[in-house]
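The block underneath contains the structure these notes are about, expressed in structure tokens.
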Amino acid sequence: MQLQHYIEGKWVSPSQEEFTQFDASTGEVIGSCSTAGLDFGDILAYARKTGGPALRKMSFRERGLMLKQLALHLNDLRKKYYPLSYQTGATKGDSWVDIEGGIGTLFAYASMRRQLGDQRWYVDGEAARLSTEGTFIGTHVMVPRQGVAVHINAFNFPIWGMLEKVAVNLLAGMPAVVKPSEVTSFLTEAMVRDIIASGILPEGSLQLVQGSGVGILDTMGSQDVVTFTGSAATGRKLKGLPQITNEAVPFNMEADSLNAAILGKDAAPGTEEFNLFIKEVRREMTTKAGQKCTAIRRIIVPEAYIEDVQIALGKQLAGTTVGDPRNEGVRMGALVSKKQQQVVKERVQQLLQSSDLVYGQLDDFEVLGDRDKGAYCTPILLRNDHPFEHTATHDIEAFGPVSTLLPYRELDDAIALANLGKGSLVSTICTYDAHTAQEYLLGAGAQHGRILILNRESAPESTGHGSPMPLMNHGGPGRAGGGQELGGIRSVKHYLQTVALQGHPTMLTQVTQQYQPGAARKESDIHPFRKYFQEIEIGDTITTAKHTVTDGDIGNFANLTGDRFYAHVDATSLEGTPFEQRVAHGYWVLSKAAGLFVEPRKGPVLLNYGLESCRFTKPVYPGMTIGVYLTAKEKIEQQQRDDEDYRKGIVKWLVEVYDETNETVAIATILTMVKLKEE
């Protein structure tokens with residue numbers, strides 16, 4: 001069977017066979033693929049000319065809803081991908097991470113539409129006042145790059161590796177060309193076929209090429225983005241290509257690294273932490289047969305506990321049944337290919353020159369399957385008693401179920417050993433002692449993209465050492481590539497261009513559709529709370545009546561709330577404080593502001609949705625007179641959940657409370673839920 005590309009709006013068979021794909025457990029041929037003869041210049045141009053404009057016409061909210069629709073569609077189909085995943089050597093648990101973890105990432109990024117808003121651009125942060133009178137300000141706006149994202153993915157997660165990247169570029173408004181590994185791309189193709197058939201994505205927003213991909217970066221331009229997942233050596237080679245450097249193409253690299261797990265001295269044998277540590281290491285050694293960029297390669301433990309760790313871990317590994325994942329009882333599947341099996345063996349032989357084999361076999365072992373036809377490997381546990389002298393452990397990675405035990409004396413030694421990895425995606429410190437965790441963070445944080453603090457309290461809900469989460473950064477310095485994936489909105493910004501936008505506040509308000517301080521306000525005879533969502537315009541303002549503050553206001557609020565902080569109720573205790581006399585509660589000021597600006601009659605406003613920010617900028621004393629400017633700041637339409645649900649949106653209002661000198665005493669952003677007018 002020839003695997004196909006999806007390029008320029010159609011499925012295309014390769015012109016020749018370049019790579020043959022095999023079932024990792026049985027050795028049976030699955031299919032062949034090749035990128036030979038493809039015109040990558042045309043493929044990338046199609047994405048830029050067709051997919052890019054279609055995506056950029058959509059708002060962040062619309063693109064987020066598109067992702068949600070796609071996630072729901074794939075979730076309904078998820079079971080069909082498991083049999084194909086088993087052919088990569090993945091167990092059911094491994095496949096769950098790849099398939100449902102990938103779909104879950106789509107859901108996670110779909111939900112970020114609420115943070116990004118209902119525009120085609122993203123206003124990043126507060127405005128900066130650039131002039132004395134406030135008529136010239138600046139703000140940072142992020143807009144979609146006008147190129148294409150090229151994703152070069154590794155073999156270990158054919159689905160998650162694609163979805164965790166395309167979820168982000170699609171939300172940002174960029175099209176993608178996906179180049180999965182030529183070893184497991186048959187699984188990626190199966191899902192892409194369902195994505196294309198669904199018609200959910202605009203044409204040109206997703207293309208698939210299968211094979212070596214030689215030449216795919218030759219026509220990249222400055223508006224394009226490259227993401228790479230794989231070996232550090234290959235990543236550095238691609239990142240250094242003349243086209244990438246000459247065009248200053250953003251290149252995000254996430255490379256395999258020599259990640260570590262550290263057992264704290266407090267986690268002695270018999271403690272809950274000790275048992276959790278053994279369980280976590282065993283899991284990370286055997287999940288995906290150790291073929292994970294986040295897998296634990298170095299097990300750093302107090303020298304007094306190393307024998308206990310070796311024995312306990314050996315017992316855990318002995319319960320790991322290796323074989324064809326379609327066989328009942330198999331807990332670890334095959335490596336992805338015979339070629340990978342040979343590479344792992346070679347790397348283990350290199351490590352054995354300075355380490356001892358304390359568990360596992362390279363050749364003579366039992367499997368539930370055909371050992372000769374499948375790419376099987378048992379868990380391999382090595383031990384290096386002199387990790388500062390024998391440094392191969394910190395340089396050579398066997399990308400399989402292989403880890404090395406390393407002893408340490410003091411925490412500083414453990415930190416130094418972890419840092420000898422020269423940059424890692426993740427490390428785990430297993431401890432119940434906060435000081436140990438703090439010192440490890442300060443000592444090792446600069447060399448790691450993520451640190452998991454594992455103990456009895458975090459373990460029940462912890463996703464574990466090796467699970468990158470959509471809302472948390474995935475990447476690391478040095479050997480790990482220096483890149484950054486996931487991390488919520490942080491990753492979306494990778495596909496956006498930051499523009500420092502300068503001008504008059506009124507113009508910037510009109511351009512960004514977000515009210516900027518100092519912009520013209522639009523006073524209306526109709527109270528803004530009497531307007532439906534569509535009728536509210538950014539800048540709509542009500543200037544309220546005023547109120548003169550009394551001692552009774554302060555005393556009544558103190559009695560009502562129980563907030564009897566001395567500055568509010570005891571004028572004799574103010575010496576040495578910033579206050580001249582009893583001061584009104586900040587929350588009274590905000591509450592009174594609401595009393596001044598709220599329209600009491602029933603109208604389109606359904607409820608107060610929350611308070612986004614609030615600052616009290618000047619003390620308010622009895623005798624002062626306050627008033628409020630309430631201004632529509634931003635609007636975000638919400639999805640209608642069902643036919644009986646209200647059509648509604650969220651409106652952000654700028655609340656500016658000022659005194660008789662026209663100085664601001666409090667400023668806040670409140671949110672209301674507002675009905676849409678039925679058409």
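See the values below:
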| item | result |
| --- | --- |
| In the range 573-607, the residues that are more than 30 Å from TYR532 (Cα to Cα), free of Cβ contacts under 8 Å to residues at least 60 places away in the same chain and touching a Phe, Trp or Tyr at 6+ places or on another chain (Cβ under 9 Å) | SER573, LEU574, THR577, PHE579, GLU580, GLN581, ARG582, VAL583, ALA584, HIS585 |
| Close pairs from the range 138-150: first within 15 Å of LYS49 (Cα to Cα), partner of a type in the set (Asp, Glu) and in a loop (DSSP other than H, G, I, E, B), Cβ under 6 Å, at least 6 apart | GLY147/ASP224; VAL148/ASP224 |
| Conditions (1) of a type outside the set (Val, Ile, Thr); (2) surrounded by fewer than 19 Cβ atoms within 10 Å (Cβ to Cβ); (3) modelled with pLDDT of 95 or more; number of the one not met by ARG236 | (3) |
| Unmet requirement for SER32, which otherwise passes all of (1) within 13 Å of SER212 (Cβ to Cβ); (2) surrounded by 21 or more Cβ atoms within 10 Å (Cβ to Cβ); (3) among the polar types (S, T, N, Q) | (2) |
| Residue within the range 262-275 that is part of a loop (DSSP other than H, G, I, E, B), buried (at least 24 other Cβ atoms within 10 Å of the Cβ) and at pLDDT 95 or above present | yes |
| Residue that is surrounded by the fewest Cβ atoms within 10 Å (Cβ to Cβ), among those in the range 177-199 that are within 23 Å of the chain's Cα centre (by Cα) and part of a loop (DSSP other than H, G, I, E, B) | SER181 |
| The range 499-551 - residue that is in a loop (DSSP other than H, G, I, E, B) and among the basic types (Lys, Arg) and, of those, nearest to LEU170 (Cα to Cα) | LYS531 |
| Residue check for ALA312: small (Gly, Ala, Ser) and either over 18 Å from ALA392 (Cα atoms) or not assigned by TED's automatic domain parsing to the domain that holds LEU406 (or both) | yes |
| Residue match in the range 212-229 (condition: assigned by TED's automatic domain parsing to the domain that holds GLU126, polar (S, T, N, Q), part of a loop (DSSP other than H, G, I, E, B) and surrounded by 24 or more Cβ atoms within 10 Å (Cβ to Cβ)) | no |
| SER25 vs. criteria modelled with pLDDT under 95, touching a helix residue (DSSP H, G or I) at 6+ places or on another chain (Cβ under 8 Å) and either surrounded by fewer than 17 Cβ atoms within 10 Å (Cβ to Cβ) or outside the structural domain of ALA154 (by TED's automatic domain parsing) (or both) | no |
| Odd one out for ARG283 among (1) out of contact with any strand residue (DSSP E or B) (no Cβ under 8 Å at 6 or more places or on another chain); (2) not assigned by TED's automatic domain parsing to the domain that holds GLN447 | (2) |
| All positions within the range 421-432 that are crowded, with 20+ Cβ neighbours inside 10 Å and either over 24 Å from the mean Cα position of the chain (by Cα) or under 14 Å from PHE277 (Cβ atoms) (or both) | SER427, THR428, ILE429, CYS430, THR431 |
| Scan of the range 433-469 for residues that are surrounded by 14 or more Cβ atoms within 10 Å (Cβ to Cβ), in a loop (DSSP other than H, G, I, E, B) and in contact with an Asp or Glu (Cβ under 7 Å, 6 or more places away or on another chain), ordered by number | ASP433, ASN455, GLY464, HIS465, GLY466 |
| Options GLY31, GLY64; residue that is farther than 30 Å from GLY464 by Cα and touching a residue at least 60 places away in the same chain (Cβ under 8 Å) | GLY31 |
| Restricting the range 502-512 to residues that are in contact (Cβ under 8 Å) with a residue 40 or more places away in the chain and either assigned by TED's automatic domain parsing to the domain that holds THR234 or buried (at least 18 other Cβ atoms within 10 Å of the Cβ) (or both), the residue that is farthest from ALA176 (Cα to Cα) | PRO505 |
| Scope the range 51-90; condition polar (S, T, N, Q) and either on the phi > 0 side of the Ramachandran plot or surrounded by 17 or more Cβ atoms within 10 Å (Cβ to Cβ) (or both); matching residues | SER59, SER85, GLN87, THR88 |
| Residues of the range 470-498 classified as in contact (Cβ under 8 Å) with a residue 40 or more places away in the chain, over 17 Å from ILE152 (Cβ atoms) and outside any strand (DSSP E or B), total | 10 |
| The range 91-127, residues that are closer than 16 Å to HIS73 by Cα and either crowded, with 22+ Cβ neighbours inside 10 Å or more than 18 Å from the chain's Cα centre (by Cα) (or both) | ILE99, GLY102, ILE103, THR105, LEU106, TYR109, ALA110 |
| Within the range 572-679, strands (runs of 3 or more DSSP E) holding 3 or more residues that are under 38 Å from the mean Cα position of the chain (by Cα), outside the structural domain of ARG63 (by TED's automatic domain parsing) and crowded, with 19+ Cβ neighbours inside 10 Å | 625-637, 648-658, 664-675 |
| Residues that are crowded, with 21+ Cβ neighbours inside 10 Å, more than 32 Å from the chain's Cα centre (by Cα) and touching a residue at least 60 places away in the same chain (Cβ under 8 Å), drawn from the range 318-346 | GLY323, ASP324 |
| Within the range 306-328, tally of residues that are within 17 Å of CYS377 (Cα to Cα) and either touching a strand residue (DSSP E or B) at 6+ places or on another chain (Cβ under 7 Å) or in a helix (DSSP H, G or I) (or both) | 10 |
| Any hit, the range 292-299, residues being aliphatic (A, V, I, L, M), over 30 Å from the mean Cα position of the chain (by Cα) and in the same structural domain as ILE451 (by TED's automatic domain parsing) | no |
| Any hit, the range 88-100, residues being over 30 Å from VAL336 (Cα atoms) and acidic (Asp, Glu) | no |
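Each row is one residue, and each column tells you yes or no for (1) assigned by TED's automatic domain parsing to the domain that holds THR404; (2) of a type outside the set (Asp, Glu); (3) touching a residue at least 12 places away in the same chain (Cβ under 8 Å); (4) buried (at least 16 other Cβ atoms within 10 Å of the Cβ).
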{"residue": "LEU362", "(1), (2), (3), (4)": "yes, yes, yes, no"}
{"residue": "ASP372", "(1), (2), (3), (4)": "yes, no, no, no"}
{"residue": "PRO379", "(1), (2), (3), (4)": "yes, yes, yes, yes"}
{"residue": "LEU382", "(1), (2), (3), (4)": "yes, yes, yes, yes"}
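Matching residues to (1) charged (D, E, K, R); (2) part of a helix (DSSP H, G or I); (3) farther than 17 Å from HIS465 by Cβ:
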| position | (1), (2), (3) |
| --- | --- |
| GLU346 | yes, yes, yes |
| GLN350 | no, yes, yes |
| ASP370 | yes, no, yes |
| PHE399 | no, no, no |
| ASP413 | yes, yes, yes |
| LYS422 | yes, no, yes |
| VAL426 | no, no, no |
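The values are calculated or read from the model by the stated rules, or taken from the named source; none is laboratory data. On a predicted model such as this, the values are computed, not experimentally measured, just so you know. Don't worry about glycine lacking a Cβ; one is built from the backbone with ideal geometry, like all the others, and counts go over all protein chains shown.
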